[in-house]
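First the structure, in the form of structure tokens, and then the observations on it.
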Amino acid sequence: MIILKILGIAAIVVAALFVLTFVVYFFNLDMKLTAALEPLFLKHYDKIKRDRHL
């Protein structure tokens with residue numbers, strides 16, 4: 001009885017994670033987030049000192 005309840009909860013969690021990843025994939029949310037954060041990334045990487053000696 002308790003094992004069945006644990007398996008049911010695990011199945012619900014797996015299904016919810018699948019739906020979440022499908023929504024992220026379908027609406028391309030990962031690349032939209034990356035595009036929104038790009039100015040912050042560029043500001044950070046522009047500050048890094050580089051060794052330009054060849």
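Full extension from residue 14 to residue 30: what is 0.36 nm times the residue separation minus their Cα-Cα distance, to one decimal in nm?
Details: separation 16, 0.36 × 16 = 5.76 nm, distance 2.01 nm.
Stretched fully, the residue 14-residue 30 segment lengthens by 3.7 nm.
Among 54, 2, 39, whose Cα sits farthest toward the positive end of the charge dipole of the chain (+1 at Cβ of Lys/Arg, -1 at Cβ of Asp/Glu, about the Cα centre)?
54
How much mean residue ellipticity at 222 nm does the chain get from its helices, if each DSSP H run of length 4 or more adds -39500 (n - 2.57) and you divide by all residues, to the nearest 500 deg cm²/dmol?
Numbers: 2 runs with 43 residues, N = 54.
Helix-only estimate at 222 nm: -27500 deg cm²/dmol.
I want to check the label-to-label distance for residue 4 and residue 48. Put each point 7 Å from Cα in the C-beta direction and report it in nm to one decimal.
5.6
Please list log₁₀ I(q)/I(0) at q = 0.12, 0.28 Å⁻¹ for the chain, using the Debye equation with identical point scatterers on the alpha-carbon positions.
Those come out to -0.57, -0.99, one per q.
Would you mind finding the longest exposed-site-free stretch of the chain, with exposed trypsin sites (Lys or Arg not before Pro) meaning DSSP loop and at most 16 other Cβ atoms within 10 Å?
So the longest stretch without any such site is 1-46.
Are there chymotrypsin sites (Phe, Trp or Tyr not before Pro) in the chain that DSSP puts in a loop and that have at most 15 other Cβ atoms within 10 Å, and which ones?
On the way: sites: 18, 22, 25, 26, 27, 41, 45; in loops: 27.
Sites meeting the loop and neighbour criteria: 27.
Of the candidates 33, 17, 42, which one comes out as most mobile in a Gaussian network treatment of the chain with C-alpha springs shorter than 10 Å?
Answer for the Gaussian network model of the chain: 42.
Coordinate-derived values only; no laboratory data. None of the values given here were measured: they were computed from a predicted structure. Please note: Cβ atoms are built from the backbone with ideal geometry, for glycine as well, and neighbour counts cover all protein chains shown.
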